[in-house]
1. In whole Å, how far is the Cα centre of segment 27-91 from that of segment 266-304?
2. Could you work out how much longer the chain between Lys70 and Arg213 gets when fully extended? Use 0.36 nm per residue separation minus the Cα distance between them, nm to one decimal.
3. What is the P(r) of segment 115-235, as percent of Cα-Cα pairs per 10 Å bin from 0?
4. Once you keep just the Cα pairs under 8 angstrom separated by 6 or more residues, what percentage relative contact order results for segment 187-308?
5. May I ask you to work out the translational diffusion coefficient for segment 30-179 at 37 °C, viscosity 0.692 mPa s, via Stokes-Einstein with Rh from the Kirkwood sum over Cα pairs, reported in whole µm²/s?
6. Let me have the relative contact order for the chain, percent, based on Cα pairs under 8 Å that are six or more residues apart.
7. Measuring from a point 7 Å past the Cα of Arg186 along Cα-to-C-beta, which residues in segment 88-120 have an amide N at less than 14 Å?
8. Using a/c under 1.5 as the rounded threshold, could you call segment 156-202 rounded, prolate or oblate? The axes a ≥ b ≥ c are square roots of the C-alpha gyration tensor eigenvalues, and prolate needs a/b larger than b/c, oblate otherwise.
Amino acid sequence: MEDVIIIGTGCAGWTAAIYTARANLNPLVLSGTQPGGQLTTTTDVENFPGFPEGVMGPDLMLKMQEQATKFGTRVEYKTVDGIETNGDGTFTLKCGDDTLQARSVIVATGAAPRHLGLPNEKELIGHGLTSCATCDGAFYRDVPVAVIGGGDSACEEATFLTRFASKVYLIHRRDELRASKIMAERALAHEKIEPVWNTVVEEYLTDDEGKMRAVRLKNRESGEESELEVACVFVAIGHVPNSAFLNGLVDQDENGYIIQQAGRTATKTPGLFAAGDVADHYYRQAVTAAGQGCAAALEAERFLSDHE
Ligand code: NAP
């Protein structure tokens, strides 16, 4: 029986691990399918305190992992399919054919990129459709590409893609960006980035080999339809929380975000805590996720000592 199992290895998960490890709770961290979380798919992080020159997202995550394991955190590369409560208030976690037992659980599973829900999207992923410019941008040198979205992610992806692509179309459904001023200005000032305002993508069009060839666009104001040739589409329209495996042990809002109790990281199930983007649709920052990881660790520690 583990004292605490932490599910997820983003900023929230590693911070919870650092705190619970230093509290001698010998945490077990389950890494999930994307070890390191969302920051592993980003480049420069300029707003994490303590790094005046910025830090690369993957480097920051490796440092957090190093810090957590230095204090005795154990890591297993497992994905949790479901959690149940046992009669005595402990938890059973199902990971494929394995089961794990824990007295407390911190859910820090983050959120996954959202897609538009167009028919041929699944087949196109990896063939000209992606959510990660850092991962796939270099494959699209000297060709036009498109980014969909108007937030910080879309601006960041578009700016990064100018290193490779001949042209970056920034397709946004409104006529003003949601992104922070600094990121929006940086993107819009770049000569390779062309905004396509008030426009939605209605269809991904493929070539004979089934790869992305173009997008069919619709202007939301005029209703006019057009085709835009692009070799790759980078979708940056937000995220969906990774909370589906929790089988009713937590309350969730209409978008699946876990609802925390009484302004803390507690959920409606005693001993089950939630931290980071899986429970936060409002701030969604690396540093706020880390802060919640710390809070969840402190709450788990108090829960365990109250239930010796
Ligand atoms: P976001 O802020 O939620 O922006 C999502 C964008 O996608 C919005 O512009 C939205 O349009 C658009 N969108 C949503 N659904 C759509 C649909 N079905 N079709 C077309 N467009 C759609 O998400 P994000 O950009 O991923 O940012 C998430 C959080 O991470 C934010 O808090 C952001 O500040 C943070 N972040 C920070 C950094 C950084 O500081 N380095 C980098 C990336 C992200 P509307 O504007 O019309 O709603």
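Any read-out appearing in this document is the output of simple, stated calculations on the displayed coordinates, not a laboratory observation. All values reported here derive from a predicted model rather than from experimental measurement. Note: ideal-geometry Cβ built from the backbone for every residue, glycine included; neighbour counts use all protein chains shown.
1. 13
2. Fully extending the segment from Lys70 to Arg213 adds 46.7 nm.
3. Per 10 Å bin, starting at zero, the Cα-Cα P(r) for segment 115-235 comes out as 15, 49, 32, 4, 0 percent.
4. After rounding, I find 13 percent.
5. It diffuses with D of about 178 µm²/s by this estimate.
6. Value for the chain: 21 percent.
7. none
8. oblate
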